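S.K.: Below is a structure I'd like to ask you about.
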Amino acid sequence: MTNVLILGANGQVARIAINLFLKETDAQLTLYLRNSRRLKIVDLGRERVIEGDVNDVSKLKEAMAGQDVVYANIGGSDIVQKTQNIIDAMNATGVKRGIFINILGIYDEVPGKFGEWNKYMVGRGMEYWRKAANILEASDIDYTILRCTWFTNKNEVDYEITEKGEPLLGTEVSRKSIAAIVVKIAESPEWGVRRSWGVSKPNTEGDKPAFY
């Protein structure tokens with residue numbers, strides 16, 4: 001049985017991941033979010049809710065005690081500080097395994113017109129996400145960074161993974177696909193250790209996502 005702490009538990013990908021954890025695993029879930037009323041608990045025996053902010057490091061440490069895996073489904077212009085807080089809390093509590101959502105383009109790995117469009121759409125935020133990945137890579141935790149391309153709500157699990165240094169060509173991926181990867185990593189924690197993966201749906205190359 002795996003103890004999983006989900007940070008930003010009300011996020012769209014996180015909520016899908018919670019459902020997959022409950023249906024497909026026996027994991028015990030600790031759900032960490034700022035407003036607990038926004039989350040509907042399905043299984044009181046396996047879901048524990050902690051209301052807190054990732055910028056509250058003492059509360060974060062309390063939530064991490066006894067966890068096996070931390071899944072960070074967070075964002076914002078303060079993503080660098082939040083990521084550092086998570087690393088600090090993991091080091092303080094001895095938790096090694098972490099899964100971190102990030103965005104495509106942080107290594108200039110998206111070529112052509114799609115790469116130009118993506119840079120324009122993300123804007124200055126690209127710098128913050130790149131720095132967040134940098135401090136993870138400089139840490140000694142067992143991270144997996146998921147550089148997700150543009151999300152869809154399609155009810156499908158269909159993805160391909162590219163390594164750091166390889167071009168990322170696909171323009172979209174379903175939230176359910178990312179959630180499925182998160183669950184797989186949590187259940188197979190040796191998979192993807194200290195890797196930064198680009199994740200997209202196969203055969204979705206183009207100048208921009210089809211839904212734009």
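S.K.: Can you name every residue in the range 20-50 that is touching a Leu at 6+ places or on another chain (Cβ under 9 Å) and part of a loop (DSSP other than H, G, I, E, B)? Quick ask: steps written out before the conclusion?
M.R.: At the first step, the residues of the range 20-50 found to be touching a Leu at 6+ places or on another chain (Cβ under 9 Å) are 21-22, 29-33, 39, 41-43, 46-50.
Within the range 20-50, LEU39, ILE41, VAL42, ASP43, ARG46 qualify.
S.K.: OK, next. If you go through the range 173-195, how many residues are open to solvent by less than 30 Å² (accessible area, probe 1.4 Å), closer than 19 Å to ILE141 by Cβ and small (Gly, Ala, Ser)? Show your work before the answer.
M.R.: In the first step, residues of the range 173-195 are kept if they are open to solvent by less than 30 Å² (accessible area, probe 1.4 Å); the result is 173-174, 177-183, 185-186, 192.
Going one step further and asking which of them are closer than 19 Å to ILE141 by Cβ, we end up with 181-182, 185-186, 192.
Imposing the further condition that a residue be small (Gly, Ala, Ser) reduces the set to 186, 192.
Of the residues in that region, 2 qualify.
S.K.: From the set of residues in the range 93-132 that are over 22 Å from PRO209 (Cβ atoms) and among the hydrophobic types (A, V, I, L, M, F, W, C), which is surrounded by the fewest Cβ atoms within 10 Å (Cβ to Cβ)?
M.R.: VAL95
S.K.: Residues GLY198, GLY170, GLY165: which one is open to solvent by 60 Å² or more (accessible area, probe 1.4 Å), of a type in the set (Gly, Ala, Ser) and under 15 Å from GLY105 (Cα atoms)? Working first, answer last.
M.R.: Working: GLY198 fails: open to solvent by 60 Å² or more (accessible area, probe 1.4 Å); GLY170 fails: open to solvent by 60 Å² or more (accessible area, probe 1.4 Å).
Going through GLY198, GLY170, GLY165 in turn, the sole match is GLY165.
S.K.: Could you pull out every one of the helices (runs of 4 or more DSSP H) wholly within the range 102-212 that has 2 or more residues that are more than 21 Å from GLN12 (Cβ to Cβ) and among the basic types (Lys, Arg)? Even if it seems obvious, please write down each step before you answer.
M.R.: On the way: elements: 112-122, 125-138, 175-187.
Of the helices (runs of 4 or more DSSP H) lying wholly inside the range 102-212, those with at least 2 residues that are more than 21 Å from GLN12 (Cβ to Cβ) and among the basic types (Lys, Arg) span 112-122, 125-138.
S.K.: Can you tell me which of (1) free of Cβ contacts under 8 Å to residues at least 12 places away in the same chain; (2) touching a strand residue (DSSP E or B) at 6+ places or on another chain (Cβ under 7 Å) is the one ALA138 doesn't meet?
M.R.: Among (1) free of Cβ contacts under 8 Å to residues at least 12 places away in the same chain; (2) touching a strand residue (DSSP E or B) at 6+ places or on another chain (Cβ under 7 Å), ALA138 violates only (2).
S.K.: Touching an Asp or Glu at 6+ places or on another chain (Cβ under 6 Å) and in contact (Cβ under 8 Å) with a residue 24 or more places away in the chain: which single residue out of PRO189, PRO209 fits that description? Write out each step before concluding.
M.R.: Details: PRO189 fails: touching an Asp or Glu at 6+ places or on another chain (Cβ under 6 Å).
Every option except PRO209 fails the conditions.
S.K.: Any residue in the range 32-47 that is over 13 Å from ILE6 (Cα atoms) sitting within a Cβ distance under 6 Å of a residue that is open to solvent by less than 100 Å² (accessible area, probe 1.4 Å) and modelled with pLDDT under 90? List the pairs, counting only those 6 or more apart or interchain.
M.R.: Between residues of the range 32-47 that are over 13 Å from ILE6 (Cα atoms) and residues that are open to solvent by less than 100 Å² (accessible area, probe 1.4 Å) and modelled with pLDDT under 90, there is no close pair.
S.K.: Oh, and also: For the range 138-155, which residues satisfy the criterion of being open to solvent by 40 Å² or more (accessible area, probe 1.4 Å) and either within 12 Å of PHE100 (Cα to Cα) or not polar (S, T, N, Q) (or both)? Give the derivation first.
M.R.: Going through the range 138-155, the residues open to solvent by 40 Å² or more (accessible area, probe 1.4 Å) turn out to be 138, 140, 142, 150-151, 153-155.
Across the range 138-155, the qualifying residues are ALA138, ASP140, ASP142, TRP150, PHE151, LYS154.
The values are calculated or read from the model by the stated rules, or taken from the named source; none is laboratory data. Here the structure is a predicted model, which is why all the values come from computation and not from measurement. Every residue, glycine among them, receives a Cβ derived from its backbone with ideal geometry; neighbour counts consider all protein chains shown. For accessibility, only protein heavy atoms count, side chains too; no ligands or nucleic acids. Shrake-Rupley method; radii C 1.70, N 1.55, O 1.52, S 1.80 Å.
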